[in-house]
Amino acid sequence: MGAELFDVVVIGAGPAGSAAAATVAAAGHSVALIDRKAFPRDKLCGGLITGRSLRYFAEIFGAPLDVTPLERRAAITFQFQGRPMGTIHDAPPVYLSMRWDFDHHLVKQALVRGAVDLTGQEIAEVDLAARHVVLSDGRRIGYRVLIGADGVNSMVARTLFGQSFDHARIGFGLEIEAPANPRAQEMPISVDIAAAAWGYGWSFPKQGSTTIGVGGLLAENEDMKGAMASYLAGQGVEGAAKSIKGQFLPFGDYRKLPGKGAVLLAGDAAGLVDPITGEGIAHAMKSGQTAALAAVGAIRSGRPEHALTAYRRRLRPLHRSLRAATLLRHLIFRPRCRRMFETSFRNSSSVRRQYMELLAGELEYGVIVKACFRRLPRILRLLIQSKGVR
C-alpha cells in the first residue's frame, strides 16, 4: 500500500499541533493532523488562559479569541506551603477554561483552514527512514516534514531519542475537578508556591467545577499523593481520591535539540513548559506556529531536512526565557532559599505583581534575572556554583 503524501504531518492535536496545522494550511501547504484521541477530549490542565496565550492566539489564527464563554479573573491569592502571602485584586486578567472545550476549538480552527482531519487514529509506527507514519488500520501517511506535538509521552521524541523525556528531570502533576463553589465568580484563583517540592498547587474556581491540583519535580517528591491530600485538605476538599488524574509535566526540562532534520518537536513534546508559572498553553501554541513556519520555509527551499536549523533559530527567544526561569527556580524552591523568597514575596506587592505580569506576557524573565543579579550577586553566584544546581 502506497503512502498518501502531505507536505507536513502533525502528530498531536493539542494547542501546539493545532497551531502548527493551522499555520501550514494557511500558508497553502497540505497538512494532516493526527491524534489518537477524537475531539473533544479530556486533558490534565488547570485551564488558565493567560494574556500571552490570547496574544499568540490572535497572531496565529488571525482574530482574537472569543472570551465570552470563558471566566475572567483579575484577583489572585498567593500562599506558600499553605501560609497566606497576600492577594492581588487588580492583576492583569486571566481567563479560566475547560481544556475539553478550548482544545476542541483549536482543532476546529486548524480544520477550517484546510488541515486534513485524522484525529481519533492510533499510530502504529513512525518510520523515519521512509518518512511516513503508519496508522493502526495500516494506512501509510507520508510527509516532507513531521511535527511531533504529541505531548510529554511523545512517540515522535521516543523514536528520535529512545525516550520521551528524562526521568531524572521530569515533573509530575495530580489534579481533580471538585464540585463548583456557588460563589465561584467572586472568588480569586489561588496559587500555593511549594505545595509540592520544587512545584506549586493551584485552585481555579469555575462555574461548573473547581480545578485543583499540585505539581512538582518527580525526583523531589517521594509522596506526591500525600502532597495532594494535604493540599486538598487545605482547600476544604476531601474524599475525592478516586477522581484524581495524574500526568508527567516537563517543568523547564526543554530539549535543546528539539528534533532531527525534517522532524521537529513542539509544545510539551519539546519540554516547553515554564518551570515557575507552569505556563504551557502559550508556549505550545507559539512553538507549534514556529515549527510550522520553519517547515514551510524548508519545503519551499527544496530542503526539508534543514527544517530543524530554522526552527532552532526561531526558538532562541523562548529557550532564553526558559533558561532564565530555570535559574530563578533555585531562588524559589531550593530549601536554603525558600524562607528568603517567602519573606520577600509576602512583604512585596511588586514581587507578587511580577508573577502575574510573567503570566500575562507583560514581563520577561531576563528583566527579573538582571534585577536579582544587582540585588543578590553573592547568593546567585553561590547557587550557580553549587554542585546541586540542576
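What follows is calculated from the coordinates using simple rules that are stated; it is not laboratory data. If you're wondering where the values come from, they're calculated on a predicted model, not measured in any experiment. Using ideal geometry, Cβ is built from the backbone for each residue, glycine included, and neighbour counts are taken over all protein chains shown.
For the chain, what does the relative contact order come out to in percent, with C-alpha contacts under 8 Å and a separation of six or more?
Relative contact order for the chain comes out at 20 percent.
Give me the number: length gained by fully extending Ala124 to Ala233, i.e. 0.36 nm times residue separation minus the C-alpha to C-alpha distance, one decimal in nm.
Separation in residues times 0.36 nm, less the Cα-Cα distance, equals 35.0 nm.
Hey, can you rank 118-128, 45-55 by average C-beta count inside 10 Å, highest first?
Descending packing order for the listed peptides: 45-55, 118-128.
Ordered by packing density, taken as the mean number of other Cβ atoms within 10 Å over each peptide's residues, highest first, how do 319-331, 15-27 rank?
15-27, 319-331
Note the full-extension length gain between Asp137 and Met340 as 0.36 nm times their separation in residues minus their Cα-Cα distance, in nm to one decimal.
Extra length from Asp137 to Met340 when fully extended: 67.4 nm.
List the GluC sites (Glu not before Pro) within the stretch 213-298 that fall in a DSSP loop (any state other than H, G, I, E or B) and whose Cβ has at most 10 other Cβ atoms within 10 Å.
Answer by residue number: Glu222, Glu238.
Select one label from (1) 61, 54, 33; (2) 64, 49, 39; (3) 78, 52, 36: the one whose number is Cα extents along the principal axes in Å as derived from the coordinates shown.
It is the value labelled (2).
Taking the Cβ of Ile332 as the center, what net charge do the other residues with Cβ under 10 Å away carry, scoring Lys and Arg +1 and Asp and Glu -1?
Here the charged neighbours net out to +2.
Can you sort Ile244, Ile193 by how many other beta carbons sit within 10 Å, fewest first?
Neighbour counts put them in this order, fewest first: Ile244, Ile193.
Projected onto the charge dipole of the chain (+1 at Lys/Arg Cβ, -1 at Asp/Glu Cβ, origin at the Cα centre), which of Val94, Gly226, Gly216 gives the Cα projection farthest towards the positive end?
Of the candidates, Gly216 comes out farthest on the positive side.
I'd like the antiparallel share, as a percent to the nearest 5, of DSSP beta bridges with both residues in the chain.
That works out to approximately 65 percent antiparallel.
Test of understanding: ordering Asp66, Asp223, Asp150 by Cβ neighbours within 10 Å, fewest first, what list do you get?
Asp66, Asp223, Asp150
Can you give me the long-range amide H partners of Glu71? Hydrogens built in the peptide plane at 1.01 Å from N, cutoff under 5 Å, separation of 5 or more residues or another chain.
Residues meeting the amide H criterion: Leu96.
Arranged by the count of other C-beta atoms within 10 angstrom, fewest first, what order do His132, His105 take?
Least to most surrounded, the residues fall as His105, His132.
Could you work out the local net charge near Arg55, counting Lys and Arg as +1, Asp and Glu as -1, over the other residues with Cβ closer than 12 Å to its Cβ?
Charge balance in the 12 Å sphere: 0.
Kindly write out, for the stretch 253-267 in residue order, the coupling ³J(HN,Hα) from the Karplus curve 6.51 cos²θ - 1.76 cosθ + 1.60 (θ = phi - 60°), rounded to whole Hz, with x marking Gly and Pro.
3J(HN,Hα) across the stretch 253-267, in whole Hz: 8, 6, 7, 5, 10, x, x, 8, x, 8, 10, 10, 10, 9, x.
Explain nothing, just the number: dipole magnitude of the stretch 171-249 about its Cα centre with +1 on each Lys and Arg Cβ and -1 on each Asp and Glu Cβ, in debye rounded to the nearest 20.
Dipole about the Cα centre, nearest 20: 240 debye.
Once you charge only the Cβ atoms, +1 for Lys and Arg and -1 for Asp and Glu, what is the size of the charge dipole of the chain about its Cα centre, to the nearest 20 debye?
The calculated dipole for the chain is roughly 1700 debye.
With a cap of 12 neighbouring Cβ atoms within 10 Å, and only residues DSSP puts in a loop, list the chymotrypsin sites (Phe, Trp or Tyr not before Pro) found in the stretch 240-282.
none
Using a Gaussian network for the chain with springs between C-alpha atoms less than 10 Å apart, which of these wobbles most: Arg313, Arg334, Arg113?
Evaluated over the chain, the most mobile residue of the options is Arg313.
Net charge near Val107: determine it from the other residues with C-beta under 9 Å of the C-beta of Val107, scoring Lys and Arg +1 and Asp and Glu -1.
Once positives and negatives cancel, what remains is -2.
DSSP loop (so not H, G, I, E, B), at most 15 other Cβ within 10 Å: list which GluC sites (Glu not before Pro) in the stretch 297-372 pass both filters.
In loop regions of the stretch 297-372 (DSSP not H, G, I, E or B), the sparsely surrounded GluC sites (Glu not before Pro) are Glu362, Glu364.
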